[in-house]
Each structure stands twice: as C-alpha cells, then as structure tokens.
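S.K.: Have a look at this one.
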Amino acid sequence: MSTAPHLRIGEVSRRTGVSVDLLRAWEKRYGVLSPGRSEGGFRLYSEDDVERVRAMQVHLGQGLAAAQAARLALESEVRVVSSGSADLVSRDRAELEEALALFAEVRANAAFDRLLATLTLDALLTDVLLPYLHDLGDAWERGDVTVAQEHFASNIIRGRLLGLARGWGAGVGPHALLACPPGELHDLGLIAFGLALRSRGWRITFLGQDTPIPSVQEHVRVLQPDSVVLAAAEAGPLNDSLPELRELAAGVPVSLAGAGATASLAREAGATLLSGDPIAEAQRLTNGRAPGSPKTAPGSPKT
Ligand code: B12
C-alpha cells in the first residue's frame with residue numbers, strides 16, 4: 001500500500017477501534033506505528049500503519065502475546081502487494097486454478113501458501129478467491145468444469161479459509177454471529193466476510209450452512225452478539241424463514257447478505273441489507289459502530 005502519512009491518531013483509532021492510549025503504547029513499545037510529522041509538528045500516520053494495527057489485532061485475537069503479535073504485524077508488511085509482485089500474484093493465481101482443475105491438492109495448497117505470503121487477507125479474498133469462485137460457477141454453468149472439479153476446488157478453498165479462521169472466536173471486539181438459513185449450503189461468502197470482520201477486530205461465532213433460525217435465536221439469548229448476519233445465494237431459503245427471521249430481528253440486529261438477499265426481503269424481515277461484497281460490507285459494518293463503547297473497542301484490554 002505504502003501511502004504518505006495523512007491520518008491523525010484519532011482517525012487511526014476510529015478506523016481500527018483501538019484506543020488512542022493503546023495505539024501510543026504500541027507505537028512506543030513495539031514500533032507498530034511509525035508516524036511522520038505534519039508541517040505543524042503533529043504526528044501523522046499512513047494506511048500502512050492502519051494495516052499493521054489491524055494485523056496486530058488479528059494476532060492478539062489468536063491469543064499471542066503483545067510483543068509476538070507486534071513482531072508478526074511488522075513482518076506482515078511484506079504481504080502487501082507491491083506493483084513489482086503483481087506478476088507473481090497472477091502467476092500463482094493461474095497455478096492455483098490449474099492445480100484445482102487437475103485435482104492436484106499439494107500443488108494447489110502450495111500456490112495458496114504463496115498467495116497468502118504475498119497478499120493481505122483482504123486482497124487475497126477480493127482479488128483472487130472471490131473472483132475465482134465466481135468464474136468457477138460460470139465455467140460450471142457452461143459445462144467447462146465438472147461438478148466434481150467444482151466440489152474439489154470449493155472444498156479446498158473452504159478448508160483453507162476455515163484454517164485461517166482458527167481463533168476468530170477469541171478477543172474482546174464486537175461480536176458477530178454468522179449463519180446460513182435452512183437449506184442454504186453456500187457459506188464461502190460468509191466465511192470470507194467473517195475473516196474480513198476478524199481482521200477488523202471482531203469476534204466471530206460461525207454456525208455455517210443450513211442453520212434453523214429458531215436455533216440461532218435460542219443461542220442469541222446467551223451469546224448476545226452485537227450483530228447476526230445471515231447469508232444465502234438464492235432468495236428461497238431466506239423467504240422460507242421469514243416469520244422466524246422477523247422474530248429473531250425483534251431481539252437482535254440482523255443483516256441479510258449474499259445474492260439471495262434483497263431490499264424487500266430485508267425490510268419484511270425487519271433486518272438490514274448488506275448488498276455489497278464481503279470485504280466492503282465488513283468495512284461498512286465496522287465503520288457503522290460507534291467507537292468507545294466497551295463492546296466496540298477491539299483489542300483494547302491487551303497491551
Ligand atoms: C461453490 C458453489 C457451490 C458449493 C457451495 C460450497 C460452499 N460451502 O459454499 C456447493 C457445491 C455446495 C453448491 C451447491 C449448489 N449450487 Co452453487 N455455486 C458455487 C459457486 C461456484 C461459488 C459460490 C461462492 O462461494 N461464491 C463466492 C461468493 C462470495 O460470490 P457470490 O456468491 O457471487 O456472492 C456475491 C455477493 O452475493 C456477496 N456475498 C456472498 N455471500 C456473502 C456473504 C456476506 C456476509 C456478504 C456481506 C456478501 C456476500 O459477495 C459476492 C460478491 O463479491 C457459485 C458460482 C458463483 N457465481 O458464485 C455457484 C452458484 C451460487 N450455485 C448455484 C447453484 C444453482 C447451486 C445448486 C442449486 C446446484 C445443484 N443443482 O445442486 C446447489 C444448491 C445448494 C444449496 N442448497 O444451497 C448457482 C446459483 C444460481 C442462482 N443464484 O440462481 C451459482 C451462481 C452457479 C451458477 N452460475 O449457476 N454450490
């Protein structure tokens with residue numbers, strides 16, 4: 001990313017949900033932030049600083065000690081794509097696609113590892129995996145890819161994404177409960193969304209595919225998430241659960257997402273619509289939260 005410093009510390013705090021005091025501590029103790037100076041002598045921070053703070057939150061959320069989390073956050077800078085590595089990324093993306101089509105699990109995982117080492121998680125999802133899944137569906141529809149190839153590829157990707165999700169239930173950030181309604185098996189977008197929320201400091205409870213809404217409701221009472229997000233690739237599963245969705249949305253903020261979620265469905269359910277892609281919506285949900293309240297300050301107690 002490498003942008004010129006232009007953000008005051010309050011803005012970094014607002015974007016990441018980490019308190020100003022804690023940001024200062026991370027800067028002083030670990031060098032996670034490296035500010036420049038405005039003409040007036042104020043410290044100014046860059047988008048890279050924001051990325052490093054987010055990486056720090058992810059590592060803390062995985063239970064690492066602060067010093068170790070900071071070291072990894074500093075190392076993760078190499079994951080940001082620079083223009084020089086764009087060729088490398090397209091080569092690895094092509095390699096991943098070819099390996100998946102050939103049922104070559106080891107090759108596919110190696111290409112995935114290289115992509116993961118080069119790209120931020122947001123970029124891996126937005127620029128590689130989500131477009132790839134989309135293309136895969138088109139190829140399947142055209143008959144260029146068999147059902148077996150599609151199943152193999154989506155299962156490898158699902159496994160890798162859930163591997164990255166390990167520990168996403170830990171931490172003290174806002175809490176999102178994610179599920180697909182009954183009959184819905186497309187949960188890859190929801191997993192991507194959970195990962196994007198996680199890297200923005202959220203805590204995730206993931207119920208996955210085909211979840212009865214009354215069962216979600218039963219556990220919402222105890223888990224008390226800040227947000228429940230239900231995703232579906234087609235409208236049917238959401239439509240079929242409308243009465244239960246209405247009941248759920250009466251007690252907790254509910255959002256509907258995925259290609260099956262429409263504005264009218266969301267209105268009827270008393271839910272909000274997340275109509276964008278998983279990464280953009282994770283950012284929007286995060287921005288929409290008021291900073292400062294105890295449940296909305298990801299990362300704050302750990303120093
Ligand atoms: C992988 C896959 C499967 C896997 C799912 C594995 C899994 N664990 O998710 C399996 C094999 C189970 C499957 C089954 C079926 N599938 Co399918 N599948 C796909 C495929 C190839 C990728 C889906 C995916 O994950 N895409 C990645 C997501 C992120 O992209 P997206 O779906 O376009 O979503 C966009 C937005 O809606 C949004 N979004 C999506 N989810 C979320 C979640 C949140 C929280 C947010 C904020 C945003 C968001 O982000 C995306 C834009 O970036 C798509 C092709 C495609 N075009 O997507 C078909 C596709 C979705 N499947 C389709 C069909 C028809 C089926 C089956 C009915 C096939 C069959 N005859 O059995 C079954 C239905 C199963 C069921 N009951 O749900 C159709 C749906 C057509 C439609 N909408 O009318 C598609 C589009 C293929 C096609 N071109 O025809 N499928």
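The values are calculated or read from the model by the stated rules, or taken from the named source; none is laboratory data. Bear in mind the structure is a predicted one, so any value in this text is a computation, not a measurement. Heads up, the Cβs are rebuilt from the backbone with ideal geometry, glycines too, and the neighbour counts pull from every protein chain shown.
Per-residue answers, yes or no, for (1) more than 17 Å from Val128 (Cα to Cα); (2) of a type in the set (A, V, I, L, M); (3) modelled with pLDDT under 95:
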{"site": "Leu178", "(1), (2), (3)": "yes, yes, no"}
{"site": "Pro181", "(1), (2), (3)": "yes, no, no"}
{"site": "Ile191", "(1), (2), (3)": "no, yes, no"}
{"site": "Gly201", "(1), (2), (3)": "yes, no, yes"}
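S.K.: Given the condition more than 10 Å from the ligand (Cβ to nearest atom), in contact with a strand residue (DSSP E or B) (Cβ under 7 Å, 6 or more places away or on another chain) and aliphatic (A, V, I, L, M), answer yes or no: does some residue in the range 192-215 qualify?
M.R.: Checking the range 192-215: at least one residue is more than 10 Å from the ligand (Cβ to nearest atom), in contact with a strand residue (DSSP E or B) (Cβ under 7 Å, 6 or more places away or on another chain) and aliphatic (A, V, I, L, M).
S.K.: Still on this structure, I have one more. Tell me whether the range 101-109 contains one or more residues that are within 15 Å of the ligand (Cβ to nearest atom), over 22 Å from Ala280 (Cα atoms), part of a helix (DSSP H, G or I) and at pLDDT below 95.
M.R.: yes
S.K.: Of all residues in the range 222-237, count the ones that are small (Gly, Ala, Ser) and under 16 Å from the mean Cα position of the chain (by Cα).
M.R.: 2
S.K.: Identify, please: which residue in the range 1-39 is small (Gly, Ala, Ser), out of contact with any strand residue (DSSP E or B) (no Cβ under 8 Å at 6 or more places or on another chain) and assigned to a loop (DSSP other than H, G, I, E, B) and is, among those, nearest to Gln283 (Cα to Cα)? Break it down into steps so the answer makes sense when it comes.
M.R.: Initial filter on the range 1-39 (small (Gly, Ala, Ser)): 2, 4, 10, 13, 17, 19, 25, 31, 34, 36, 38.
Now restrict to residues that are out of contact with any strand residue (DSSP E or B) (no Cβ under 8 Å at 6 or more places or on another chain): 2, 10, 13, 17, 19, 25, 31, 34.
Subset that is assigned to a loop (DSSP other than H, G, I, E, B): 2, 17, 19, 31, 34.
Values: Ser2: 20, Gly17: 12, Ser19: 18, Gly31: 25, Ser34: 23 Å.
Once the filter is applied, the top-ranked residue is Gly17.
S.K.: Taking the range 117-139 as the region of interest, how many residues are under 14 Å from Leu100 (Cβ atoms), in contact (Cβ under 8 Å) with a residue 40 or more places away in the chain and over 13 Å from the mean Cα position of the chain (by Cα)?
M.R.: Within the range 117-139, residues that are under 14 Å from Leu100 (Cβ atoms), in contact (Cβ under 8 Å) with a residue 40 or more places away in the chain and over 13 Å from the mean Cα position of the chain (by Cα) number 1.
S.K.: Would a scan of the range 152-167 turn up a residue that is within 25 Å of Ala266 (Cα to Cα) and surrounded by fewer than 19 Cβ atoms within 10 Å (Cβ to Cβ)? Before you say what the answer is, go through the steps one by one.
M.R.: If we filter the range 152-167 for residues that are within 25 Å of Ala266 (Cα to Cα), which is where we start, we get none.
The answer is no; no qualifying residue exists.
S.K.: I'd like the full set of residues that are part of a helix (DSSP H, G or I) and either over 13 Å from Arg200 (Cα atoms) or free of Cβ contacts under 8 Å to residues at least 60 places away in the same chain (or both), limited to the range 40-52.
M.R.: Result: Glu47, Asp48, Asp49, Val50, Arg52.
S.K.: Show the residue pairs meeting these rules: Cβ distance below 8 Å; 6+ apart or different chains; first residue within the range 214-238 and within 21 Å of Ala282 (Cα to Cα); second residue of a type in the set (Lys, Arg) and more than 16 Å from the ligand (Cβ to nearest atom).
M.R.: Asp226/Lys295
S.K.: Could you tell me whether the range 290-299 includes any residue that is surrounded by fewer than 22 Cβ atoms within 10 Å (Cβ to Cβ), assigned to a helix (DSSP H, G or I), at pLDDT 95 or above and of a type outside the set (Lys, Arg)?
M.R.: No; the residues of the range 290-299 include none that is surrounded by fewer than 22 Cβ atoms within 10 Å (Cβ to Cβ), assigned to a helix (DSSP H, G or I), at pLDDT 95 or above and of a type outside the set (Lys, Arg).
S.K.: Determine which member of the set Ala176, Ala148, Ala170 is over 23 Å from the mean Cα position of the chain (by Cα) and among the aliphatic types (A, V, I, L, M).
M.R.: Ala148
S.K.: Spot the failing condition for Ser227; the list is (1) surrounded by fewer than 16 Cβ atoms within 10 Å (Cβ to Cβ); (2) within 14 Å of the ligand (Cβ to nearest atom); (3) hydroxyl-bearing (Ser, Thr, Tyr), and only one is missed.
M.R.: Answer for Ser227: the failing condition is (1).
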